[in-house]
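Below: one structure, written as C-alpha coordinates.
The values are calculated or read from the model by the stated rules, or taken from the named source; none is laboratory data. Remember, predicted model here, so these are calculated numbers, not experimental data. Ideal geometry is used to build each Cβ from the backbone, glycine not excepted, and the neighbour counts take in all protein chains shown. Surface accessibility is based on the protein's heavy atoms, side chains included, excluding ligands, DNA and RNA. Shrake-Rupley method; radii C 1.70, N 1.55, O 1.52, S 1.80 Å.
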Amino acid sequence: MSTIGADQRLTKTDQLREHLSTLVGERLCPGDRLPTERELADEFGVSRLTVRRALDRLESERLVYRVQGAGTFASRRPITKTIEFTSFSEDMRSRGLSPGSRLLDAVETPAGARIGYALAISPADPVFRVRRVRTADDAPMCLETSHVPLALAPGLLDLPLEGSLYSLLETRFRIRLVRADQVIRATVLDPEEAELLQAMPLSPALLVERTAYDQRGRAVEVAKSLYRGDRYSYEIAIERTS
Ligand code: GLP
(Lines give C-alpha, C1' and ligand atoms only; values in the text may rest on other atoms or scores of the structure.)
Protein backbone atom coordinates (compact mmCIF):
# COMPACT_ATOMS: atom_id res chain seq x y z
CA MET A 1 0.00 0.00 0.00
CA SER A 2 1.39 3.37 -0.96
CA THR A 3 1.31 6.31 1.41
CA ILE A 4 1.72 8.79 -1.42
CA GLY A 5 -1.06 11.29 -1.41
CA ALA A 6 -1.86 10.68 2.26
CA ASP A 7 -0.83 14.22 3.04
CA GLN A 8 -0.16 16.52 0.13
CA ARG A 9 1.63 19.05 2.37
CA LEU A 10 4.52 16.66 2.93
CA THR A 11 7.23 16.45 0.32
CA LYS A 12 7.89 13.04 -1.19
CA THR A 13 11.12 12.82 0.81
CA ASP A 14 9.25 13.59 4.05
CA GLN A 15 6.67 10.96 3.17
CA LEU A 16 9.42 8.46 2.57
CA ARG A 17 11.07 9.25 5.91
CA GLU A 18 7.79 9.02 7.75
CA HIS A 19 7.00 5.71 6.08
CA LEU A 20 10.42 4.30 6.98
CA SER A 21 10.21 5.37 10.59
CA THR A 22 6.76 3.75 11.00
CA LEU A 23 8.09 0.68 9.29
CA VAL A 24 11.11 0.22 11.57
CA GLY A 25 9.42 1.62 14.67
CA GLU A 26 6.14 -0.27 14.55
CA ARG A 27 5.63 -2.73 11.75
CA LEU A 28 8.84 -4.68 11.32
CA CYS A 29 10.32 -7.08 13.84
CA PRO A 30 14.06 -7.08 14.54
CA GLY A 31 15.79 -8.87 11.67
CA ASP A 32 12.99 -8.24 9.12
CA ARG A 33 14.20 -6.99 5.75
CA LEU A 34 13.15 -3.56 4.51
CA PRO A 35 11.99 -3.07 0.91
CA THR A 36 14.88 -2.56 -1.52
CA GLU A 37 16.12 0.90 -2.49
CA ARG A 38 14.58 0.44 -5.91
CA GLU A 39 11.18 -0.55 -4.51
CA LEU A 40 11.16 2.44 -2.18
CA ALA A 41 12.31 4.82 -4.91
CA ASP A 42 9.51 3.61 -7.21
CA GLU A 43 6.85 3.71 -4.52
CA PHE A 44 7.66 7.26 -3.40
CA GLY A 45 8.69 8.69 -6.75
CA VAL A 46 12.13 9.74 -5.50
CA SER A 47 15.66 8.96 -6.64
CA ARG A 48 17.58 6.01 -5.27
CA LEU A 49 20.07 8.50 -3.85
CA THR A 50 17.28 10.04 -1.77
CA VAL A 51 16.31 6.60 -0.50
CA ARG A 52 19.92 5.79 0.29
CA ARG A 53 20.29 8.98 2.29
CA ALA A 54 17.13 8.24 4.27
CA LEU A 55 18.46 4.74 5.02
CA ASP A 56 21.88 6.17 5.95
CA ARG A 57 20.14 8.27 8.52
CA LEU A 58 18.32 5.29 10.01
CA GLU A 59 21.57 3.35 10.03
CA SER A 60 23.39 6.13 11.88
CA GLU A 61 20.56 6.11 14.44
CA ARG A 62 21.10 2.31 14.65
CA LEU A 63 17.49 1.63 13.76
CA VAL A 64 18.54 -0.48 10.78
CA TYR A 65 21.66 -2.37 9.69
CA ARG A 66 22.87 -3.31 6.26
CA VAL A 67 24.24 -6.61 5.06
CA GLN A 68 26.22 -6.39 1.85
CA GLY A 69 24.37 -8.11 -0.96
CA ALA A 70 21.40 -9.03 1.25
CA GLY A 71 19.69 -5.72 2.01
CA THR A 72 18.71 -3.52 4.93
CA PHE A 73 17.22 -4.97 8.10
CA ALA A 74 15.40 -3.63 11.14
CA SER A 75 17.61 -3.56 14.27
CA ARG A 76 16.64 -4.78 17.66
CA ARG A 77 14.81 -1.88 19.27
CA PRO A 78 17.04 -0.13 21.79
CA ILE A 79 15.83 -0.29 25.39
CA THR A 80 16.66 3.27 26.25
CA LYS A 81 13.86 4.17 28.58
CA THR A 82 15.31 2.19 31.46
CA ILE A 83 18.58 4.07 31.41
CA GLU A 84 16.79 7.38 31.16
CA PHE A 85 16.39 9.31 34.36
CA THR A 86 12.86 8.56 35.55
CA SER A 87 10.74 8.83 38.65
CA PHE A 88 8.99 5.77 40.04
CA SER A 89 5.71 7.02 38.56
CA GLU A 90 7.19 7.44 35.08
CA ASP A 91 8.96 4.10 35.30
CA MET A 92 5.75 2.27 36.20
CA ARG A 93 3.69 4.03 33.52
CA SER A 94 6.27 3.11 30.89
CA ARG A 95 5.72 -0.53 31.92
CA GLY A 96 1.97 -0.16 31.51
CA LEU A 97 1.35 -0.16 35.27
CA SER A 98 -0.49 2.40 37.33
CA PRO A 99 1.77 3.98 40.01
CA GLY A 100 0.65 4.69 43.56
CA SER A 101 1.97 5.28 47.08
CA ARG A 102 1.13 4.60 50.68
CA LEU A 103 2.78 7.11 52.99
CA LEU A 104 4.42 5.43 55.99
CA ASP A 105 5.88 8.51 57.64
CA ALA A 106 7.29 11.91 56.81
CA VAL A 107 9.51 13.66 59.34
CA GLU A 108 12.03 16.46 59.70
CA THR A 109 15.38 15.21 60.99
CA PRO A 110 19.06 16.22 61.00
CA ALA A 111 20.79 14.97 57.85
CA GLY A 112 23.47 13.00 59.70
CA ALA A 113 26.93 12.31 58.31
CA ARG A 114 26.15 10.04 55.33
CA ILE A 115 23.09 11.83 53.94
CA GLY A 116 24.61 15.25 54.69
CA TYR A 117 27.75 14.35 52.78
CA ALA A 118 25.76 13.13 49.76
CA LEU A 119 23.57 16.25 49.79
CA ALA A 120 26.58 18.55 50.35
CA ILE A 121 25.09 19.99 53.54
CA SER A 122 26.18 19.86 57.16
CA PRO A 123 25.22 16.75 59.20
CA ALA A 124 23.23 19.07 61.51
CA ASP A 125 21.20 20.62 58.68
CA PRO A 126 17.57 19.49 58.59
CA VAL A 127 16.22 17.24 55.87
CA PHE A 128 12.78 15.81 55.23
CA ARG A 129 12.65 12.04 55.32
CA VAL A 130 9.71 10.51 53.49
CA ARG A 131 9.03 6.77 53.63
CA ARG A 132 6.52 5.30 51.22
CA VAL A 133 5.39 1.93 49.94
CA ARG A 134 5.23 2.38 46.19
CA THR A 135 2.58 0.40 44.42
CA ALA A 136 2.05 -0.71 40.84
CA ASP A 137 -1.55 -1.53 39.93
CA ASP A 138 -2.23 -1.32 43.69
CA ALA A 139 0.25 -4.10 44.55
CA PRO A 140 3.36 -3.28 46.62
CA MET A 141 6.41 -2.95 44.40
CA CYS A 142 8.96 -0.92 46.31
CA LEU A 143 9.78 0.53 49.70
CA GLU A 144 11.21 3.98 49.25
CA THR A 145 12.96 6.35 51.66
CA SER A 146 13.78 9.80 50.30
CA HIS A 147 15.74 12.59 51.97
CA VAL A 148 15.40 16.17 50.70
CA PRO A 149 17.10 19.22 52.30
CA LEU A 150 14.52 21.34 54.10
CA ALA A 151 16.19 24.49 52.76
CA LEU A 152 15.38 23.48 49.18
CA ALA A 153 11.75 22.48 49.71
CA PRO A 154 10.38 24.30 52.77
CA GLY A 155 6.88 23.14 53.61
CA LEU A 156 7.22 19.91 51.66
CA LEU A 157 5.66 17.89 54.47
CA ASP A 158 2.47 19.97 54.33
CA LEU A 159 1.87 18.87 50.76
CA PRO A 160 0.20 15.63 49.65
CA LEU A 161 2.97 13.03 49.41
CA GLU A 162 0.96 10.18 47.96
CA GLY A 163 1.55 11.23 44.36
CA SER A 164 4.82 11.85 42.54
CA LEU A 165 7.51 13.46 44.69
CA TYR A 166 9.38 14.64 41.62
CA SER A 167 6.27 16.31 40.18
CA LEU A 168 5.75 18.05 43.51
CA LEU A 169 9.33 19.33 43.57
CA GLU A 170 8.90 20.60 40.05
CA THR A 171 5.50 22.23 40.37
CA ARG A 172 5.83 23.63 43.90
CA PHE A 173 9.55 24.37 44.19
CA ARG A 174 10.65 24.74 40.56
CA ILE A 175 13.21 22.00 41.11
CA ARG A 176 13.57 19.73 38.13
CA LEU A 177 15.61 16.61 38.77
CA VAL A 178 17.58 15.67 35.72
CA ARG A 179 20.46 13.39 36.68
CA ALA A 180 21.44 10.88 39.32
CA ASP A 181 24.26 8.77 40.63
CA GLN A 182 22.80 5.37 41.22
CA VAL A 183 23.98 2.07 42.67
CA ILE A 184 21.93 -1.11 42.31
CA ARG A 185 22.65 -4.12 44.44
CA ALA A 186 21.08 -7.40 45.37
CA THR A 187 19.78 -7.88 48.88
CA VAL A 188 17.10 -9.71 50.86
CA LEU A 189 14.09 -8.33 52.73
CA ASP A 190 14.23 -8.20 56.51
CA PRO A 191 10.99 -9.15 58.31
CA GLU A 192 9.69 -5.56 58.57
CA GLU A 193 10.43 -4.77 54.93
CA ALA A 194 8.90 -8.07 53.87
CA GLU A 195 5.70 -7.30 55.72
CA LEU A 196 5.40 -3.86 54.12
CA LEU A 197 5.98 -5.34 50.69
CA GLN A 198 3.70 -8.32 51.37
CA ALA A 199 6.51 -10.75 50.65
CA MET A 200 8.27 -13.52 52.55
CA PRO A 201 11.11 -12.53 54.90
CA LEU A 202 14.49 -13.11 53.29
CA SER A 203 13.02 -13.05 49.80
CA PRO A 204 15.29 -11.43 47.21
CA ALA A 205 15.14 -7.71 46.51
CA LEU A 206 16.91 -5.05 44.49
CA LEU A 207 18.23 -2.07 46.38
CA VAL A 208 18.55 1.10 44.31
CA GLU A 209 20.47 3.92 45.99
CA ARG A 210 20.18 7.26 44.28
CA THR A 211 21.53 10.75 44.68
CA ALA A 212 19.54 12.97 42.34
CA TYR A 213 20.61 16.38 41.06
CA ASP A 214 18.63 19.26 39.63
CA GLN A 215 19.25 21.34 36.53
CA ARG A 216 21.61 23.58 38.53
CA GLY A 217 23.71 20.63 39.66
CA ARG A 218 22.47 20.72 43.27
CA ALA A 219 22.06 17.41 45.10
CA VAL A 220 18.36 17.43 45.96
CA GLU A 221 17.49 13.88 46.95
CA VAL A 222 19.23 10.94 48.55
CA ALA A 223 17.03 7.89 48.38
CA LYS A 224 16.92 4.16 48.89
CA SER A 225 14.39 2.15 46.93
CA LEU A 226 13.93 -1.48 47.80
CA TYR A 227 12.15 -3.39 45.03
CA ARG A 228 10.59 -6.82 45.29
CA GLY A 229 12.95 -9.07 43.35
CA ASP A 230 10.11 -11.10 41.87
CA ARG A 231 8.28 -8.05 40.49
CA TYR A 232 10.97 -5.74 39.26
CA SER A 233 13.76 -6.05 36.72
CA TYR A 234 16.19 -3.45 35.60
CA GLU A 235 17.04 -3.56 31.92
CA ILE A 236 19.89 -1.75 30.25
CA ALA A 237 21.13 -1.78 26.71
CA ILE A 238 24.85 -2.40 26.40
CA GLU A 239 27.12 -2.38 23.42
CA ARG A 240 30.74 -2.96 22.52
CA THR A 241 32.51 0.35 22.06
CA SER A 242 35.89 -0.87 20.78
C1 GLP B 1 12.56 6.63 41.80
C2 GLP B 1 13.83 6.97 42.55
C3 GLP B 1 13.56 7.63 43.89
C4 GLP B 1 12.58 8.77 43.74
C5 GLP B 1 11.33 8.33 43.00
C6 GLP B 1 10.39 9.48 42.73
O7 GLP B 1 11.92 5.54 42.39
N8 GLP B 1 14.66 5.80 42.75
O9 GLP B 1 14.77 8.11 44.40
O10 GLP B 1 12.20 9.26 45.01
O11 GLP B 1 11.68 7.74 41.76
O12 GLP B 1 9.25 8.97 42.14
P13 GLP B 1 7.86 9.75 42.17
O14 GLP B 1 8.10 11.06 41.51
O15 GLP B 1 6.91 8.86 41.45
O16 GLP B 1 7.50 9.92 43.64
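Ignoring ligands, DNA and RNA, what accessible area per residue does region 11-138 give at 1.4 Å, in Å²? Don't jump to the answer; show the numbers that get you there.
Details: 7420 Å² over 128 residues.
Value returned for region 11-138: 58 Å² of accessible area per residue.
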inquiry  = Let me make sure I get this right: for region 132-242, a, b and c are the square roots of the gyration tensor eigenvalues over alpha carbons, sorted descending. Under 1.5 in a/c it's rounded, otherwise prolate if a/b > b/c, else oblate. Which is it?
reply    = oblate
query = If you plug each phi of region 121-133 into the Karplus form 6.51 cos²θ - 1.76 cosθ + 1.60 with θ = phi - 60°, what whole-Hz ³J(HN,Hα) values come out, in order, with x for Gly and Pro?
reply = 10, 6, x, 7, 5, x, 10, 8, 10, 10, 10, 9, 8
ask   = Taking all protein chains as present, what is the carbon and sulfur share of the accessible area of the chain, in % to the nearest whole number, probe 1.4 Å?
value = 50
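What is the percent of Cα-Cα separations in region 32-176 that go past 23 Å? Can you show the working numbers first?
Details: 5973 of 10440 pairs.
Roughly 57 percent, once rounded to a whole number.
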message = So for the chain, considering every pair of alpha-carbon atoms, how many percent are separated by more than 30 Å?
response = 46
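Cβ under 13 Å from Asp56's Cβ, Asp56 left aside: what net charge do those residues give with Lys, Arg +1 and Asp, Glu -1? List each step's numbers first, then the result.
Details: positive: Arg17, Arg48, Arg52, Arg53, Arg57, Arg62, Arg66; negative: Glu37, Glu59, Glu61.
Charge balance in the 13 Å sphere: +4.
Given only helices, namely DSSP H runs of n ≥ 4 each adding -39500 (n - 2.57), what is the per-residue ellipticity at 222 nm of the chain, to the nearest 500 deg cm²/dmol?
Numbers: 7 runs with 62 residues, N = 242.
Calculated at 222 nm, the ellipticity per residue is -7000 deg cm²/dmol.
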